[in-house]
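Accompanying notes for the structure given below.
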Amino acid sequence: MELQDETLVAWTLGNLVFDQEFWSTFPSYILTVHVTDDDITRAYVDPLLIEGYVPKGVVDKPRTWQLRETAALSSDEFSLDHNRLEYVARDETPAQTATRTLDGDGTIYTRNSGWVNRVIDGAESVELGRDLLPTGTFDDPDIDDGRHEGPLWRFSRGSDSNGPEFGYDGSGGIQLSRTADNTQRSILTTAARVPLTGPTTLLGQYRHETDTRLELLVRWYESTSGSALDSVSIDLDRTTGWERLERSLSTPEEATYVRLYFRLYPPDDGEKRVANFDNIQLVEWTDSATSGGKNYDYLRVHESSTIEFTSSSQSDEAISWKALD
């Protein structure tokens, strides 16, 4: 979104209805413009998610994720806060800035509000990160009659597979289950191959309290079709309750897409085995010289660095970042 000589330009709003399942076709928007005889007085976008070829309004993380992605591409006349990306004519509210020094040895900081404007000192020790999986909380982000249906994910859907009782924080989660009678693995994977360009870190929470094999399979691809370029298989350890998942993944040089597979194997005998997942994030890293900081929600700090943060909001908590526990 931008203004050119007082003309509002929306370069793309995505697709309202589309019958292909590529990651780039899932996000879309409704644009609202307030006009008079003389001027545009206000303009803003409301994100949509095209799920099952149906456009649906979104809330919570997917909404924020889309607004921040668009803000990074838009002109500065469009202000960004928690809930809206909008232009208001003659709104001259100044941006709020704050300079802070962050320490770390590979420490990951997450964003509550505000974005990185620039790294003043220690730029070589800072990486910017953006989550590639906007619906990995498995909450209920789309506006429809379904509850906790896990949009943009594929898994065995049933009353015993997804919902708040299976989540880390009681707001949503996914459960894979297998019995000795099953002949195939139970799989949780993304709905499509996810585009990427750089190294990533997989974050999340999982619970796996039995001796059945639980595997994370990562496959990288050169395009949206064709066989895998490379892959890695990682066995996830047995837990004693919920545990944090953090895995660094190196993207092969020619790879432009990735897909994750969590796979629970059938047990040899005995009762049903389960594994639960929540808050799955795939953070892609880039160096701090990259422009467009409004869409980066993570910082990885390797040494002490001084960073200038910015926010369009004037609230007392407009700029807030915290170290990942």
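General observations
- Farthest toward the positive end of the dipole of the chain, out of THR197, THR224, GLY122, is the Cα of THR224, where the dipole comes from beta carbon charges about the Cα centre.
- Grouping the Cα pair distances of the chain into 20 Å bins from zero gives a pair-distance distribution of 29, 57, 14, 1 percent in increasing distance order.
- Value of relative contact order over the chain, rounded to a whole percent, pairs C-alpha under 8 Å and six or more apart: 27
- Degrees between helix 60-73 axis and first principal axis of the chain (Cα, 0 to 90, nearest 10): 50
- Mean shadow area of region 138-243 over all directions, Cα convex hull, nm²: 8.6
- Those aspartates and glutamates that a straight Cα-Cα span of less than 20 Å connects to LYS272, excepting residues fewer than 8 apart in one chain: ASP160, GLU165, ASP181, GLU209, ASP211, GLU215, ASP235, ASP237
- Of the residues LEU102, LEU85, LEU48, the one that moves most in a GNM of the chain with alpha-carbon contacts below 10 Å is LEU102.
- Top of ASN162, ASN182, ASN295 by mean-square fluctuation, Gaussian network on the chain, Cα under 10 Å: ASN182
- Considering only LEU16, ILE319, ALA275, the residue lying farthest towards the positive end of the dipole of the chain is ALA275, judged by Cα position with unit charges set on Cβ.
- If you take the Cα centroid of region 1-68 and the Cα centroid of region 262-284, the two points sit 35 Å apart.
- Tensor-based shape of region 1-57 (alpha-carbon gyration tensor, a/c under 1.5 rounded, otherwise prolate or oblate): prolate
- Surface analysis of region 178-325 yields an accessible area of 47 Å² per residue, using protein heavy atoms and a 1.4 Å probe.
- Oblate is the label for region 214-325, because the ratio a/c of its alpha-carbon gyration tensor axes (a ≥ b ≥ c) is 1.5 or higher and a/b is not greater than b/c.
- Per residue, region 52-98 exposes 54 Å² of accessible surface when a 1.4 Å probe is rolled over the protein heavy atoms with every protein chain present.
- Under a model in which nothing but the beta-carbon of Lys, Arg (+1) and Asp, Glu (-1) is charged, the chain shows a dipole of about 880 debye around its Cα centre.
- Neighbourhood net charge (12 Å Cβ-Cβ; Lys/Arg +1, Asp/Glu -1) for GLY150: -3
- The fraction of accessible area contributed by carbon and sulfur in the chain is 43 percent, rounded to a whole number (1.4 Å probe; ligands and nucleic acids excluded).
- Fluctuation leader among GLU303, GLU253, GLU222 - the chain, Gaussian network, Cα springs under 10 angstrom: GLU253
- Under 25 Å from the Cα of LYS294 - lysines, other chains or at least 8 residues apart: LYS56, LYS61, LYS322
- Put simply, the Cα atoms of region 1-104 extend 54, 42, 21 Å along their principal axes, the longest span coming first.
The values are calculated or read from the model by the stated rules, or taken from the named source; none is laboratory data. The model shown is predicted, which means the values in this text are computed figures rather than measured ones. Cβ coordinates were reconstructed from backbone atoms using ideal geometry, including for glycine residues, and neighbour counts include every protein chain displayed. These accessible areas exclude ligands, DNA and RNA; they are computed on the full protein's heavy atoms, side chains included. Shrake-Rupley method; radii C 1.70, N 1.55, O 1.52, S 1.80 Å.
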